[in-house]
Amino acid sequence: MNILEQIVEKRKTDLKKYGACLGADIPPQRKRKNPVPFINGKTVILEVKRASPSKGDIAPSLNAEETALSYIQAGAGAISVLTEKHYFKGSLDDLMAVAKTVDAHAQKSPNARQPAVLRKDFLIEPEEIDVAYRAGADAVLLISRILSKEELCAMADKCTRLGMTAFIELRMRDDVEKLNAVASFLGERKNLIACGVNARDLSNFSIDLLKPCTMLPLLTDFPVVFESGVRSPEAASFTGGLGFTGLLLGEGAAKNPSQASSLVSSFVNASATKNSKAWLSYTSRLSKAESSCEKSHCSHSEKKYRRPLVKVCGLTSLQDALYATMGGADFLGFIFWKGSQRNANSALVKEVREVLSEEFTKTCQDEHIFAAGSDDMAPLLVGVLVDLETEEAKEALELAKKGSLDFIQLHGQKAVEQFYSRPELLSLPHYCVVNVSCEKDLELFDSLRIKGQPRILVDSKAHGAVGGTGLCIDKSILHKISEKTKLWVAGGISVSNVEEFLSCSPELIDVNSGVEKEPGVKDSEALLEFFSKIDELCSY
């Protein structure tokens with residue numbers, strides 16, 4: 001039984017023992033005015049949160065009234081109150097205290113925007129909706145994953161008849177079918193629906209900052225809130241440029257209330273950048289791969305693993321780039337550093353871009369040499385930078401600015417620090433590499449996650465070398481990473497050991513020296529054998 005299932009079972013027990021009020025003294029009638037709109041323009045929802053199953057105590061001594069007032073002053077458009085007591089240490093008393101604080105502030109500042117109050121909990125019975133209304137909530141969270149279509153419709157119906165917003169949390173594509181059923185059932189009241197997509201998987205509490213983006217194109221008729229995973233102003237700014245109407249912040253605000261104002265302004269004032277657009281495009285690629293996998297699941301049930309994306313790095317010729325593409329590469333990597341035997345240049349990148357653009361834009365799929373299906377997409381071109389002060393790095397940055405490179409790979413701590421020291425570069429499409437030899441090296445990995453890096457590539461660590469060493473990272477470390485977030489991995493991968501890496505459930509594997517004749521020269525037979533091995537083991 002996973003954590004989510006445990007929480008739901010505990011809720012069923014509590015409802016049977018205490019009833020829908022869960023032992024709290026809830027007034028028989030709502031004392032507040034009619035519910036206010038939950039999402040009104042680009043909005044940040046700050047959360048009253050004492051603890052969580054994944055983090056333990058976050059702010060155990062939190063005072064609900066004081067916290068709510070600080071959130072109002074920080075510019076929160078809504079305040080979320082966790083009322084689950086066993087795992088989050090919340091209560092309906094907290095909800096009533098926050099509602100009272102919001103009303104008191106509204107009386108003192110009648111012209112100020114009044115934040116909505118959200119009851120965030122694992123609600124499973126319609127009677128709990130009525131309790132939330134009487135306790136002062138303007139909106140309630142309804143988690144699609146724990147409710148059947150009929151249950152979700154009944155609870156959303158109850159909610160909207162009371163004038164409250166049904167904040168429906170979705171995560172899987174199947175949830176969209178439930179949402180559409182609710183919208184059809186509510187009719188004109190569907191304007192009281194808001195959607196949330198949780199970056200945290202409630203079954204295991206891993207976080208994927210790009211998961212909400214995969215759902216965004218499916219939810220165009222409703223305001224969509226990015227939930228969880230944002231813990232810094234940098235991360236709030238990143239999500240603010242992705243196209244979400246709202247951002248729900250839990251730990252980031254509750255644990256550090258002094259940065260609440262910065263979190264709000266970073267999200268609200270953010271706009272789309274080359275970086276946000278690149279990651280949205282990447283999620284589109286992921287969604288197509290996921291869709292293909294679902295369609296072929298039955299015919300590939302004997303496969304052991306799900307196919308990862310593949311990056312072939314260290315390319316130094318057009319011929320090798322084309323061989324990698326024919327094999328099925330999703331990323332092509334070009335190293336811009338004279339200290340590497342695999343050093344590339346802008347002329348090669350432009351040549352590869354021109355050939356691929358021509359082949360992948362032909363009107364008939366059967367005409368281009370890489371055709372493998374109707375969803376075929378050209379590989380993304382990546383410039384690998386080790387030192388941003390070099391002329392070749394400056395050359396690569398210009399290519400990224402002009403769109404000739406799809407991503408910049410900041411390889412190693414030096415490049416990462418240089419990049420972050422120049423705020424004007426943060427809008428360029430990029431991801432970071434952390435070199436790892438032991439668990440302590442993951443400190444940089446974790447700090448970059450807090451900064452809002454949606455994907456981080458881990459590579460093996462060797463003294464005096466930055467990559468292409470043929471060394472492998474200990475698999476126990478890779479498993480730890482994949483339990484936290486999506487795994488991108490490089491270092492010593494070849495046809496002989498690729499299955500070991502696939503057992504760590506990577507989203508992307510980066511191959512370099514393992515498919516070479518010599519440094520900088522790829523072995524076409526090894527490349528095709530490598531992709532054939534992946535095809536043999538993985539479903540699409």
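Quick notes on this one:
- Stretch gain in nm, segment K533-K517, where the contour uses 0.36 nm per residue and the Cα spacing is subtracted: 3.9 nm
- Neighbourhood net charge (14 Å Cβ-Cβ; Lys/Arg +1, Asp/Glu -1) for S276: +1
- For region 38-164, the carbon plus sulfur part of the accessible surface works out to 45%, probe radius 1.4 Å.
- Rounded to 10°, Cα long-axis angle of helix 318-327 versus longest principal axis of the chain: 50 degrees
- Within the full protein context, the accessible area of K100 is estimated at about 150 Å² for a probe radius of 1.4 Å.
- The charge dipole of region 117-164, taken about its Cα centre with unit charges on the Cβ of Lys, Arg, Asp and Glu (plus for the first two, minus for the last two), comes to roughly 160 debye.
- Surface accessible to a 1.4 Å probe, T239 within the full protein complex, Å²: 0 Å²
- Furthest towards positive pole of dipole, L309, T83, G56, structure part the chain, Cβ charges: T83
- Mean sequence separation of contacting Cα pairs (under 8 Å, at least six apart), scaled by the length of the chain, corresponds to a relative contact order of 12 percent.
- Under 16 Å from the Cα of K149 - lysines, other chains or at least 8 residues apart: K158, K178, K190
- Rounded to the nearest 20, the Cβ-based charge dipole of the chain about its Cα centre (Lys and Arg +1, Asp and Glu -1) stands at 1940 debye.
- For the chain: accessible area per residue (Å², 1.4 Å): 42 Å²
- Remark: region 343-348, residue by residue, has Karplus-estimated 3J(HN,Hα) of 4, 10, 8, 5, 4, 5 Hz, where x stands for each Gly or Pro and the curve is 6.51 cos²θ - 1.76 cosθ + 1.60 at θ = phi - 60°.
- Positive-end extreme of charge dipole, the chain - chosen from A139, F334, N2 (charges on Cβ): A139
- Of all DSSP bridge pairs formed entirely within the chain, close to 10 percent run antiparallel.
- Residues S258, S357, sorted by accessible area with the largest first, give S258, S357 [1.4 Å probe; ligands and nucleic acids excluded].
- Around the amide H of E169, modelled in the peptide plane, lie the amide H atoms of L142, I143, S144, G196, all under 5 Å away and 5 or more residues distant in sequence or on another chain.
- Across region 238-253, rounded Karplus estimates of 3J(HN,Hα) from the backbone phi angles (6.51 cos²θ - 1.76 cosθ + 1.60, θ = phi - 60°) give 4, 5, x, x, 8, x, 7, 6, x, 9, 9, 10, x, 4, x, 8 Hz, Gly and Pro being marked x.
- Its residue count N sets the reference 2.2 N^0.38 Å, and the alpha-carbon radius of gyration of the chain equals 1.04 times that reference.
- For region 1-44, fraction of C-alpha pairs farther apart than 15 Å, in %: 66 percent
- Label-point separation in nm, K401 to L426, each point 7 Å along Cα→Cβ: 1.9 nm
- Relative to the longest principal axis of the Cα atoms of the chain, helix 3-18 runs at roughly 10 degrees.
- Distant-in-sequence amide H partners of A51 (H built 1.01 Å from N, under 5 Å): I58, A59
- Leading residue at positive end of dipole, the chain (Cβ point charges), from Y18, L263, F244: Y18
The values are calculated or read from the model by the stated rules, or taken from the named source; none is laboratory data. Everything numeric in this text was worked out from a predicted model, so none of it was measured. Positions of Cβ are generated from backbone atoms using ideal geometry, with glycine treated the same way; all protein chains shown enter the neighbour counts. Heavy atoms of the whole protein, side chains included, go into the accessibility calculation; ligands, DNA and RNA do not. Shrake-Rupley method; radii C 1.70, N 1.55, O 1.52, S 1.80 Å.
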